[in-house]
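Pasting a structure below so you can have a look.
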């Protein structure tokens, strides 16, 4: 079974500041990792994914994340945020070894970017 | 760009009534999913569907729930007798590969009164 922990439920930052949203996972098998963003009253949009290869993954809207297997983490970063980045961000994991293909989500982190 | 669509966007129903939530996955996708998000809580997996049968379901997906792909395009979630605790946002998703990227629809907000 897999689980995902997002340590921060809310992260307020000022515009143009850097941000890191933390995600740790637990799994007995190797995993794929994802970050999704949910803007108010909208569905889930994929920001980026780690399937294999380079541990530094770049996504849309200037976001990137680094897979750290030893620390079982997949933290999301952006060097300079915009007001439009205000949204809820979900980290998710799925098994890469066949069997279950479901996504297991964390509880989400609400990012609020203030002017 | 192809996208997953869901109808209706908002459904209000009385407790005990049946509801059907509809989804049109991306046309060349083979794997289909339903998730739900109760207000303020995490997104939870309900069921996955492949090759016209359920491939996995969660504990939430009890006998009150069923899924169907009645034709080549629609994918439906039926709740036979709704309960207050079924109130949630229901998301449909689809993917080309097992375990790969899942594309989500905008969701149907179900309100059970």
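The values are calculated or read from the model by the stated rules, or taken from the named source; none is laboratory data. Being a predicted model, the structure only gives us computed values, none of them experimental. Cβ placement follows ideal geometry from the backbone for every residue including glycine, while neighbour counts extend to all protein chains displayed.
How about the range A:50-67: which of its residues are within 25 Å of residue B:2 (Cα to Cα) and in contact (Cβ under 8 Å) with a residue 12 or more places away in the chain?
A:50, A:51, A:59, A:60, A:61, A:62, A:63, A:64, listed by residue number.
Suppose the filter is over 11 Å from the mean Cα position of the chain (by Cα), at pLDDT below 95 and either outside any loop (DSSP other than H, G, I, E, B) or at negative phi (or both); does residue A:80 pass it?
no
Restricted to the range B:7-62, and to residues that are more than 12 Å from chain A (Cβ to nearest Cβ) and at positive phi, which residue is surrounded by the most Cβ atoms within 10 Å (Cβ to Cβ)?
That would be B:16.
Looking at (1) under 30 Å from residue A:52 (Cβ atoms); (2) touching a residue at least 24 places away in the same chain (Cβ under 8 Å), which is the only condition residue B:48 fails?
With respect to (1) under 30 Å from residue A:52 (Cβ atoms); (2) touching a residue at least 24 places away in the same chain (Cβ under 8 Å), residue B:48 is out only on (2).
While we're on this one: Among the residues that make up the range A:28-49, is at least one of them surrounded by 14 or more Cβ atoms within 10 Å (Cβ to Cβ), more than 12 Å from every other protein chain (Cβ to nearest Cβ) and touching a residue at least 40 places away in the same chain (Cβ under 8 Å)?
Kept after step one, since they are surrounded by 14 or more Cβ atoms within 10 Å (Cβ to Cβ), are these residues of the range A:28-49: A:31-38, A:43-49.
Within this subset, residues satisfying the condition of being more than 12 Å from every other protein chain (Cβ to nearest Cβ) are none.
No, there is no match, as no residue in the range A:28-49 is surrounded by 14 or more Cβ atoms within 10 Å (Cβ to Cβ), more than 12 Å from every other protein chain (Cβ to nearest Cβ) and touching a residue at least 40 places away in the same chain (Cβ under 8 Å).
Out of the range A:89-115, which residues are farther than 22 Å from residue B:47 by Cα and surrounded by fewer than 18 Cβ atoms within 10 Å (Cβ to Cβ)? Explain how you work it out, then say what you get.
Keep residues of the range A:89-115 that are farther than 22 Å from residue B:47 by Cα, which gives A:89, A:109-115.
Across the range A:89-115, the qualifying residues are A:110, A:112, A:114, A:115.
Out of A:98, A:53, I need the residue that is in a loop (DSSP other than H, G, I, E, B), modelled with pLDDT under 95 and more than 10 Å from chain B (Cβ to nearest Cβ). Which one? Walk me through how you get there before you give the answer.
Details: A:98 fails: more than 10 Å from chain B (Cβ to nearest Cβ).
When all the criteria are applied, what remains is A:53.
For the structure I just gave you, tell me whether residue A:70 is away from chain B (no Cβ under 14 Å), part of a loop (DSSP other than H, G, I, E, B), on the phi < 0 side of the Ramachandran plot and free of Cβ contacts under 8 Å to residues at least 12 places away in the same chain. Let's see the steps before the verdict.
Details: away from chain B (no Cβ under 14 Å): yes; part of a loop (DSSP other than H, G, I, E, B): yes; on the phi < 0 side of the Ramachandran plot: yes; free of Cβ contacts under 8 Å to residues at least 12 places away in the same chain: yes.
Considered against the rule, which asks whether it is away from chain B (no Cβ under 14 Å), part of a loop (DSSP other than H, G, I, E, B), on the phi < 0 side of the Ramachandran plot and free of Cβ contacts under 8 Å to residues at least 12 places away in the same chain, residue A:70 comes out as yes.
For the range B:68-113, give me each residue that is more than 10 Å from chain A (Cβ to nearest Cβ), under 20 Å from residue B:52 (Cβ atoms) and touching a residue at least 12 places away in the same chain (Cβ under 8 Å).
B:69, B:73, B:74, B:75, B:76, B:77, B:78, B:94, B:96
What about residue B:94, is it under 16 Å from residue B:2 (Cα atoms) and surrounded by 19 or more Cβ atoms within 10 Å (Cβ to Cβ)? Quick ask: steps written out before the conclusion?
On the way: under 16 Å from residue B:2 (Cα atoms): yes; surrounded by 19 or more Cβ atoms within 10 Å (Cβ to Cβ): yes.
The answer is yes for residue B:94.
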